[in-house]
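These notes are about the structure you will find just below.
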Amino acid sequence: MSRINNKDATSEICETVLRKTTPNQKEKEKTAQFCHKLITNLQKELRKNSLEAEVQIEGSIAKDTWLIEEKDIDLFILVPKGQNREVFANVLNAAKKVAGKNCLEAYAEHPYIEAKIDGFKVDFVPCFKVSSAEQAESSVDRTPFHTQYVLEHLTEETKKEVRLLKRFMRGIGTYGAEIKIGGFSGYLCEVLILYYGSFISLLKSAADWKQYEVIDLENHFREKYAEVKQVFPEHLVVVDPVDKGRNVASAVKPERLSEFIVASRQFLKTPRLEFFYPKPVQPSPFDAINRKMKSRGTTFIFLKTGAIPAVPDVLWGQLYRSQKALAKTLTVCNFNIVQHNVWSDEKSVNVFLFEVDSRYLPMVERHVGPPVWKKEDCEKFLEKHLKSKKTLSGPRIEDDRWIVDRQRHYVDAVNFLREKLKKDKEKLGIASMVLNAFASSLEIWVDAEVKNFYVHNRDFAIFFTEFLEGKPRWLH
């Protein structure tokens, strides 16, 4: 009986999601008119500057798989193959005149422009026009072939299934191949639906995915999966239908993949609309947050910086690299990290968060030396520690090794971070833009010292409330 009820509930939920997320005719016409205006204006600018290039819309807008809440437009500028890459700078100069003042130039595999125009986020992306995907020099050269492939294979019904999958992915937090998320791209969602046929069929299969899963829609490898494994090391391999040398799922982090697998199981078991549209997180009052921090018996360290002027993909690449470097720095000095994360409003403020066992370490540190049969190493060890002012006890022999109890250089995690970021910052592996931000605007807070920032920044308060909650919103 429950299986029948689940099936009915699932159908009803999916119908509701499609009603909420499918753009109506008016929305489609408005977007189409805006895109036509963009293309026309850019073509004029290109001709004015005697630049040979084609302009076309790519991505979900072109494939009619976009969600009503998505306002992202990918405007590709295809220049003839064989030209120098310097031509990209020329076409982007023309694009800047169309984009207006509210734009930012960024660099992925090569430059592009991100702009906010009339409520839309528009990416102006130059690429080379190539005759096949195999000739692509970068991923953006391949994009027009993705659009063409999807347009040729998706039906009106499977477009609905793609929209269901995208909305599900958004709801559980696994949608988007950008660096901040490391999840499933729109094209990956489309390929998965083409392979499995429907949203529910995909969830049923994903619920049983193994550690190494291969999906080869065009059967490029003819089911020789040992060969696939030699080419692609990722846990999920979705061979690009238009280019067998590329894994469409290469950007998917193991964590996002795992979340999708588990969320698929949970939805099939107990279907709920909240998987697609999770209830907004309400930040807890700070008194409750403070009690929760104290109850853990640990120390929370917050490193806050000012603005880092970069587009989101570049910014998050810098933040994640720096987060990893800071975590390694603390760990090497024996500060045990319980968990850590990083938050940014992508405009004016960034916060690195580390929860450590304790802010303070004991003054004494046990240091294990060489085994006694390594004569030269023993001599060096004794020479270093026997009369050192930092030696608190020893050297002594335990079993077959020299041991010394010595005074730690750093016992306070906060002072340690301050000193390292002041004196040794170039050696820590922190990204350059973050280093600059630390140099000009670093603040460090411990535990309740974060109160003022928490109270006056709702987005951070939501982030930290979720951080302390420590479980996905869809997990009941």
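The values are calculated or read from the model by the stated rules, or taken from the named source; none is laboratory data. As the structure is a computational prediction, the values presented were derived from the model and not from experiment. Cβ sites come from the backbone with ideal geometry, for glycine too, and all protein chains shown count toward neighbours.
Some points to look at:
- Residue count, segment 386-401 (criterion: buried (at least 16 other Cβ atoms within 10 Å of the Cβ) and at pLDDT below 90): 2
- Flag for residue 148 being surrounded by fewer than 17 Cβ atoms within 10 Å (Cβ to Cβ) and part of a helix (DSSP H, G or I): yes
- Residue within segment 33-49 that is more than 23 Å from residue 154 (Cα to Cα), in contact (Cβ under 8 Å) with a residue 40 or more places away in the chain and outside any helix (DSSP H, G or I) present: yes
- Breaking point among (1) in the same structural domain as residue 336 (by TED's automatic domain parsing); (2) on the phi < 0 side of the Ramachandran plot; (3) not aromatic (Phe, Trp, Tyr), for residue 272: (1)
- Residue selected from segment 1-32 under the condition at pLDDT 90 or above and outside any helix (DSSP H, G or I), by the criterion surrounded by the fewest Cβ atoms within 10 Å (Cβ to Cβ): 24
- Residue pairs meeting the criteria (Cβ under 8 Å; at least 6 apart or on separate chains; first at positive phi, in segment 164-184; second surrounded by fewer than 23 Cβ atoms within 10 Å (Cβ to Cβ) and of a type in the set (Val, Ile, Thr)): 173/181
- Residue in segment 124-131 that is at pLDDT below 95, surrounded by fewer than 20 Cβ atoms within 10 Å (Cβ to Cβ) and of a type outside the set (Val, Ile, Thr) present: yes
- The listed residue being loosely packed, with under 15 Cβ neighbours inside 10 Å, of a type in the set (Val, Ile, Thr) and touching a strand residue (DSSP E or B) at 6+ places or on another chain (Cβ under 9 Å), out of 414, 349, 356, 364: 364
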